[in-house]
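Engineer: Mind having a look at this structure? Questions to follow.
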Amino acid sequence: LKNRSATNMRLRLPLLCIILEVILIILFGTLVEYNVDTDAKLWNANKNQSATRHDYENEFYYRYPSFQDVHVMIFVGFGFLMTFLQRYGFSSVGFNFLIAAFSLQWATLMQGFFHGMHHGKIHVGVTSMINADFCTGSVLISFGAVLGKTSPVQLLVMAIFEVTLFAVNEFILLTILGANDAGGSMTIHTFGAYFGLVVTRVLYRPNLDKSKHRNSSVYHSDLFAMIGTIYLWMFWPSFNSAITNYGDPQHRTAMNTYYSLASCTLATFAFSALVNPEGKLDMVHIQNAALAGGVAVGTAGEMMLTPFGSMIVGFLAGTISVLGYKYLTPVLESKLKIQDTCGIHNLHGMPGVLGAVVGAVTSALASPAVYGNGLQRVFADGEPGEWNAQSRGGFQAISLVVTLGMALIGGLVTGFILKLPIYGAPPDTHCFEDGLYWEEYLECTTESTNL
Amino acid sequence: LKNRSATNMRLRLPLLCIILEVILIILFGTLVEYNVDTDAKLWNANKNQSATRHDYENEFYYRYPSFQDVHVMIFVGFGFLMTFLQRYGFSSVGFNFLIAAFSLQWATLMQGFFHGMHHGKIHVGVTSMINADFCTGSVLISFGAVLGKTSPVQLLVMAIFEVTLFAVNEFILLTILGANDAGGSMTIHTFGAYFGLVVTRVLYRPNLDKSKHRNSSVYHSDLFAMIGTIYLWMFWPSFNSAITNYGDPQHRTAMNTYYSLASCTLATFAFSALVNPEGKLDMVHIQNAALAGGVAVGTAGEMMLTPFGSMIVGFLAGTISVLGYKYLTPVLESKLKIQDTCGIHNLHGMPGVLGAVVGAVTSALASPAVYGNGLQRVFADGEPGEWNAQSRGGFQAISLVVTLGMALIGGLVTGFILKLPIYGAPPDTHCFEDGLYWEEYLECTTESTNL
Amino acid sequence: LKNRSATNMRLRLPLLCIILEVILIILFGTLVEYNVDTDAKLWNANKNQSATRHDYENEFYYRYPSFQDVHVMIFVGFGFLMTFLQRYGFSSVGFNFLIAAFSLQWATLMQGFFHGMHHGKIHVGVTSMINADFCTGSVLISFGAVLGKTSPVQLLVMAIFEVTLFAVNEFILLTILGANDAGGSMTIHTFGAYFGLVVTRVLYRPNLDKSKHRNSSVYHSDLFAMIGTIYLWMFWPSFNSAITNYGDPQHRTAMNTYYSLASCTLATFAFSALVNPEGKLDMVHIQNAALAGGVAVGTAGEMMLTPFGSMIVGFLAGTISVLGYKYLTPVLESKLKIQDTCGIHNLHGMPGVLGAVVGAVTSALASPAVYGNGLQRVFADGEPGEWNAQSRGGFQAISLVVTLGMALIGGLVTGFILKLPIYGAPPDTHCFEDGLYWEEYLECTTESTNL
């Protein structure tokens, strides 16, 4: 590497991190307040007024276990899932860590600004923490598309824009259109995937094959990636149910997701063996497609989808995801010039769209006969008398279109901003390489054991 | 490998997976319903009838954190524990993933069929999810005995039979005999272990030493296995307490297990060093025997065993487990032709039997003087007046005998079914080898870092 | 290694483990009882007396999810964080496992003896389990300073003394001085760090450079260490909030910690790149300094620190931690002869002192205007009328001084005890080497895959 200074992060990265954090601190100081459940004065005043209010009704006890599961998915799940590359483990876990730590702070502000202001202040508690982690998940999905081809500075800049647009899109869907999307098939997965795909399209590298030998896994890196996969798979029921209403919706969402994922896993193994001439399983499929079942019930999971319905959706999601890895990803790269390192189109893109469609159909089929008094608790506008399931289904479908539009335009603008030659992006010859941004390390142990 | 087609999974695996999942989906569609706590109509109707029923009383909030811990044990715990083999990590985590995803669905049906039918329907919620994961654990224990010597198709077939027999045995123990076994010393560990040992006996391979060089660990594979060990160890208190009654039983069970495991760990380190001429510790012991304390309080953990009693049981369990690995496993292989890859006899078999005995004794010693009004909440038939602790102890002992009988006969039948030469089992020369069922992978990175 | 017998653990380790466990079992048998929430008779008697007492009020449901998160930090977090050394992974995870399993039992007794006796008995439940895990954390911090240079026997002996002194110091701080320290900035981090630093100073090895080539990481060992880092980072909100009061304090503490850590992570990446001439990130900083934000809000986290205040504290903690690794650690070693393997001074020492200071200041600023009726729930002596915030701040400051004194004197005495040549400590030529205490292992796989 002749020109080392080109990728030198010594000034760029510290400057950006410090400026961003100082801005965050100032904005938190001026805008953010404890909500009723976290404020010493408000919570205890409230308790005295109402004889029936007890500490176990604090939202902490309903939501915090789910929050921690989501947190594990964001930091361990996404972080380790991307360690499959043979020489990019430090960056996968490390940059994932950095941009997630930034995004969750920025998301708190953006989401609060668009749909959480109370008398000019943003109120925070465990629900805002979950929502911030959700928004962060979206950025990490996009990270998967550009993995190995971007500097940490580029990634932070991407996060600034993506978090902002995520909050706008979420506001349109949940507040204006009144859509349901508790597990984020649309807001998180579809948005994150198509945003990332457009960004990587704009950043297209015609000579990326110069780093081709590093764009693959080795034995142990695939095992590290399986840590990420398994944690995402296990905790997806918590992800989809984390912000649903208390009681039956939270319980039902977790269970629907559990069955969808189990079914998806069998489809993934089936089709992975089927598409290989020797009938051998591909770790890429197992690591990714087995998760598509969680994505695909992200909207309908809180509804009365039934385990039966969840398993059908999961099976379809696993199938299209494996087929996407096998047949679509190579075409996207050769024909559309979309270099999608992790194959997010197969794990988040198509299953996200499937989830949006399933959500629209399940909404359109909802009726008081099935939901009883629970109808209002799932559908915000489910008041008796004014209930119209079909228009509800229509708004869900519109939400998908809005999300795709926001992702495409947002990704396009962000992509061109990231194309500026000022961020220290890696040269084509040194993509997928930790050594560029991390201090030297030894590959093997220095001596054999002779005692 | 001359005859590659012999182990080719291209048709067998997809066909089996798809047929099984389609059957599952059809049966779920006809038989499975939401229970009161997951159904929108039922839960909310119920709430209106009773002024004292609140969302925080939904079983989700009592059980879901425990469920997630159990889930981690099944997928990360068992999966990574078996990655100790140098070249079988993909299969360990991957096949564990596949058969667990199948078994939990099949178990929901079988357990529901035998002891969860309501007007011809199986009602599901977080408790059935935990029970399904428990049954899955039993299959994964048996997997440990045949690890490296079976094709994924064989494993799925084994799971079909084992899950079914597990549900029958569980029905006999819990419903007919009225036994206590919340943590499954008998139903899960004893059953899974002896079932698996008989299966591997029937599948005995006289020429397995042709793959001997692969039947061992390397440095990093032992570290991956420790991930599994530590997660099993940490979450075992949640495992044993996951389906006990609310309140003191759940709390007490978790604590008894915690102390049993801590004591077991000291015994494990002590005896591991003691049985080695140079006083060196053996990773096999640490990875496995340290967990025996959790197995051995699986029945008595919910009773008033006291921390003192739990620590004694844990110490004994760790001791017999290490001694089993050192002295019994080689004899089982050479004399009884039982090739037990993971040593499940030492981790689940003997400690499971110990747990059953401890459970019988602790039951026989139970009295209203110690349990007070809590007697009924631990022992289903603990009504004042009709309480007979000694007959209770007797039924516990009978339960152990039934479990051993079911495991031996079930394992025998299943073993002979698995012996049919149609499943693509690995040849003796290629056991313990990922390359047979997984796409090629690189062993090392392709170049050194020169920047 | 000529004199193998010198480090032979065959008699020493089993003897010590068995004697310790037998003593523990005897003391538990005579001193330990179930508390109200774990005892079948007491819990159910209590329920009948009070119509308003329900099973969901059992402390299990308030604390157990936090306990499990803390448990993961102790066994996975600390255990894997120390696997960064290229050839000391077995010992890092394994000895961490051993001394934690011992310490949590011993801590239950010592903490119960000093501040949990009821009519001559120690009452145990989930809160005592969390406190025991906390005390264990302190021992594991000290372990980080002597990592690679001590035998397992030495570590157990260190744990005996450190746990005892921890309990004494905790008693002085929480009971006598009435200080607040829910997350243990003082009791856990400051105490554990300075205790460990003094021990390693006493055990100074002038010829440690004979093992210098092993005192570093390799690529995969750094990834294993990141597993530890990320788990510590994610679950630190649960750590700091695990034993605060129910309701708003627990909720607020978790959230303050979450924001402190996020801010700390940006500071860590910023300064790690800044102090490197080529702007490259150092895995040592990312693995450790990013956690300092959790340490530094261990005292003030339960107070009305606000997210804004938490982020400032986190940013400072990350900054001083990175600078400590870069500039202070080499000086401590060369000038003060303190060989601190893991750099605990930077992760626990300085951030712990910072946390104590922040706690004193935040206490001094507390007022009924801000806390309302919640004042008493955060500050034990916060009764209306007698409230004196400034004296409260003073007691917090005195607590820091006491902690430092206890750690220094305790470490000194313990260090000299550990210096006795009877524990089988490794020779200078074989530090940081698993082969000394663990059975032989293969470094690489035995053949390549040719199918």
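The values are calculated or read from the model by the stated rules, or taken from the named source; none is laboratory data. Remember, it's a predicted structure, so these values are computed and weren't measured experimentally. Glycine also receives a Cβ, built like all others from the backbone with ideal geometry; neighbour counts cover every protein chain displayed. Surface accessibility is based on the protein's heavy atoms, side chains included, excluding ligands, DNA and RNA. Shrake-Rupley method; radii C 1.70, N 1.55, O 1.52, S 1.80 Å.
The rows are residues; the columns are (1) open to solvent by less than 10 Å² (accessible area, probe 1.4 Å); (2) modelled with pLDDT of 95 or more; (3) over 14 Å from the mean Cα position of the chain (by Cα); (4) closer than 25 Å to residue C:287 by Cα.
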{"site": "C:167", "(1), (2), (3), (4)": "yes, yes, no, no"}
{"site": "C:190", "(1), (2), (3), (4)": "yes, yes, no, yes"}
{"site": "C:194", "(1), (2), (3), (4)": "no, yes, no, yes"}
{"site": "C:199", "(1), (2), (3), (4)": "yes, yes, yes, yes"}
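Engineer: Enumerate the pairs (first residue in the stretch C:157-177 and over 16 Å from residue C:141 (Cβ atoms); second residue anywhere and of a type in the set (Ser, Thr, Tyr) and not in a helix (DSSP H, G or I)) with beta-carbon separation below 8 Å, excluding pairs fewer than 6 apart on the same chain, so at least 6 apart or on different chains.
Structural biologist: As it stands, the answer is C:157/C:423, since those pairs meet every condition given.
Engineer: Collect the residues in the stretch C:398-438 that are surrounded by fewer than 17 Cβ atoms within 10 Å (Cβ to Cβ) and not in a loop (DSSP other than H, G, I, E, B), keeping them in residue-number order.
Structural biologist: C:398, C:401, C:405, C:408, C:409, C:412, C:413, C:416, C:417, C:419, C:428, C:429
Engineer: Among the residues of the stretch A:304-321, write down those that are among the hydroxyl-bearing types (Ser, Thr, Tyr) and surrounded by fewer than 24 Cβ atoms within 10 Å (Cβ to Cβ).
Structural biologist: Those that are among the hydroxyl-bearing types (Ser, Thr, Tyr) and surrounded by fewer than 24 Cβ atoms within 10 Å (Cβ to Cβ): A:306, A:319.
Engineer: Here's a follow-up. Kindly list the number of the only condition in (1) under 23 Å from residue A:301 (Cα atoms); (2) at pLDDT 95 or above that fails for residue A:377.
Structural biologist: Going through (1) under 23 Å from residue A:301 (Cα atoms); (2) at pLDDT 95 or above one by one, residue A:377 breaks only (2).
Engineer: A follow-up question, please. Looking only at helices (runs of 4 or more DSSP H) that lie completely in the stretch B:4-89, which have at least 2 residues being under 30 Å from residue B:295 (Cα atoms)?
Structural biologist: Fully inside the stretch B:4-89 and qualifying: B:59-72, B:78-81.
Engineer: Shifting gears a bit: Which condition from (1) modelled with pLDDT of 95 or more; (2) within 9 Å of chain B (Cβ to nearest Cβ); (3) under 18 Å from residue C:123 (Cα atoms) is the one that residue C:63 breaks?
Structural biologist: (2)
Engineer: Go through (1) without any contact (Cβ under 8 Å) to a residue 40 or more places away in the chain; (2) more than 30 Å from residue A:215 (Cα to Cα) and name the single condition residue A:304 misses.
Structural biologist: (1)
Engineer: Among the residues of the stretch A:112-148 satisfying the criterion of being open to solvent by 10 Å² or more (accessible area, probe 1.4 Å), assigned to a helix (DSSP H, G or I) and more than 14 Å from chain C (Cβ to nearest Cβ), which is modelled with the lowest pLDDT?
Structural biologist: So the residue we want is A:115.
Engineer: Quick check on my filter: what residues within the stretch B:287-310 are aliphatic (A, V, I, L, M) and touching a Phe, Trp or Tyr at 6+ places or on another chain (Cβ under 7 Å)?
Structural biologist: B:289, B:290, B:291, B:304
Engineer: Consider residue A:329 against the criteria (1) farther than 30 Å from residue A:376 by Cα; (2) among the hydroxyl-bearing types (Ser, Thr, Tyr); (3) within 12 Å of another protein chain (Cβ to nearest Cβ): it satisfies all of them except one. Which criterion is unmet?
Structural biologist: The failed condition is (3).
Engineer: Okay, next question. Within the stretch A:349-361, how many residues are open to solvent by 10 Å² or more (accessible area, probe 1.4 Å) and touching a Gly at 6+ places or on another chain (Cβ under 7 Å)?
Structural biologist: Number of matching residues: 3.
Engineer: Search the stretch C:208-220 for residues that are under 11 Å from residue C:88 (Cβ atoms) and within 7 Å of chain A (Cβ to nearest Cβ) and pair each with any residue that is assigned to a helix (DSSP H, G or I) and open to solvent by 40 Å² or more (accessible area, probe 1.4 Å) when their beta-carbon atoms are under 9 Å apart and the residues are at least 6 apart or on different chains.
Structural biologist: Listed pairs, sorted by first residue: C:217/C:284.
Engineer: Does at least one position in the stretch B:91-110 carry a residue that is open to solvent by 10 Å² or more (accessible area, probe 1.4 Å) and in contact (Cβ under 8 Å) with a residue 60 or more places away in the chain?
Structural biologist: Scanning the stretch B:91-110, I find at least one residue that is open to solvent by 10 Å² or more (accessible area, probe 1.4 Å) and in contact (Cβ under 8 Å) with a residue 60 or more places away in the chain, so the answer is yes.
Engineer: Going through the stretch C:268-282 one residue at a time, which ones are part of a helix (DSSP H, G or I) and open to solvent by 10 Å² or more (accessible area, probe 1.4 Å)?
Structural biologist: Matches in the stretch C:268-282: C:271, C:274.
Engineer: What's the number of the only condition in (1) open to solvent by 10 Å² or more (accessible area, probe 1.4 Å); (2) within 7 Å of another protein chain (Cβ to nearest Cβ); (3) under 30 Å from residue C:147 (Cα atoms); (4) modelled with pLDDT of 95 or more that residue C:8 fails to meet?
Structural biologist: If we test residue C:8 against (1) open to solvent by 10 Å² or more (accessible area, probe 1.4 Å); (2) within 7 Å of another protein chain (Cβ to nearest Cβ); (3) under 30 Å from residue C:147 (Cα atoms); (4) modelled with pLDDT of 95 or more, just (4) comes out false.
Engineer: Which condition number does residue B:339 fail, the rest of (1) in a helix (DSSP H, G or I); (2) surrounded by fewer than 24 Cβ atoms within 10 Å (Cβ to Cβ) being met?
Structural biologist: The failed condition is (1).
Engineer: A further question follows. Just a yes or no: is a residue in the stretch A:383-397 within 24 Å of the chain's Cα centre (by Cα), within 22 Å of residue A:187 (Cβ to Cβ), away from every other protein chain (no Cβ under 14 Å) and part of a loop (DSSP other than H, G, I, E, B)?
Structural biologist: no
Engineer: Being among the aromatic types (Phe, Trp, Tyr), touching a Leu at 6+ places or on another chain (Cβ under 8 Å) and under 27 Å from residue C:12 (Cα atoms) is the filter here; which residues of the stretch C:387-438 pass it?
Structural biologist: Matches in the stretch C:387-438: C:432, C:437, C:438.
Engineer: For the stretch C:207-254, which residues satisfy the criterion of being among the polar types (S, T, N, Q), out of contact with any Cys (no Cβ under 9 Å at 6 or more places or on another chain) and open to solvent by 10 Å² or more (accessible area, probe 1.4 Å)?
Structural biologist: Across the stretch C:207-254, the qualifying residues are C:207, C:216, C:217, C:245.
Engineer: Take the conditions open to solvent by less than 40 Å² (accessible area, probe 1.4 Å), under 30 Å from residue B:216 (Cβ atoms), in a helix (DSSP H, G or I) and within 14 Å of chain A (Cβ to nearest Cβ) and apply them to residue C:372. Does it pass?
Structural biologist: no
Engineer: Output yes when any residue across the stretch B:286-303 is open to solvent by 10 Å² or more (accessible area, probe 1.4 Å), polar (S, T, N, Q) and under 21 Å from the mean Cα position of the chain (by Cα), and no when none is.
Structural biologist: Yes, the stretch B:286-303 contains a residue that is open to solvent by 10 Å² or more (accessible area, probe 1.4 Å), polar (S, T, N, Q) and under 21 Å from the mean Cα position of the chain (by Cα).
Yes/no per residue for (1) open to solvent by 10 Å² or more (accessible area, probe 1.4 Å); (2) facing chain C (nearest Cβ under 7 Å):
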residue	(1), (2)
A:59	yes, no
A:67	no, no
A:76	no, yes
A:84	yes, no
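Engineer: What's the number of the only condition in (1) at positive phi; (2) within 17 Å of the chain's Cα centre (by Cα) that residue C:155 fails to meet?
Structural biologist: (1)
Engineer: So for the stretch A:139-150 (the condition being among the hydrophobic types (A, V, I, L, M, F, W, C), under 20 Å from residue A:359 (Cβ atoms), out of contact with any Lys or Arg (no Cβ under 7 Å at 6 or more places or on another chain) and without any contact (Cβ under 8 Å) to a residue 12 or more places away in the chain), does at least one residue qualify?
Structural biologist: No.
Engineer: Which condition does residue C:38 not pass, out of (1) within 8 Å of another protein chain (Cβ to nearest Cβ); (2) open to solvent by 50 Å² or more (accessible area, probe 1.4 Å); (3) modelled with pLDDT of 95 or more, if it passes all the others?
Structural biologist: Failing condition for residue C:38: (2).
Engineer: Any chance you could count how many residues in the stretch B:236-258 are facing another protein chain (nearest Cβ under 7 Å) and part of a helix (DSSP H, G or I)?
Structural biologist: 8
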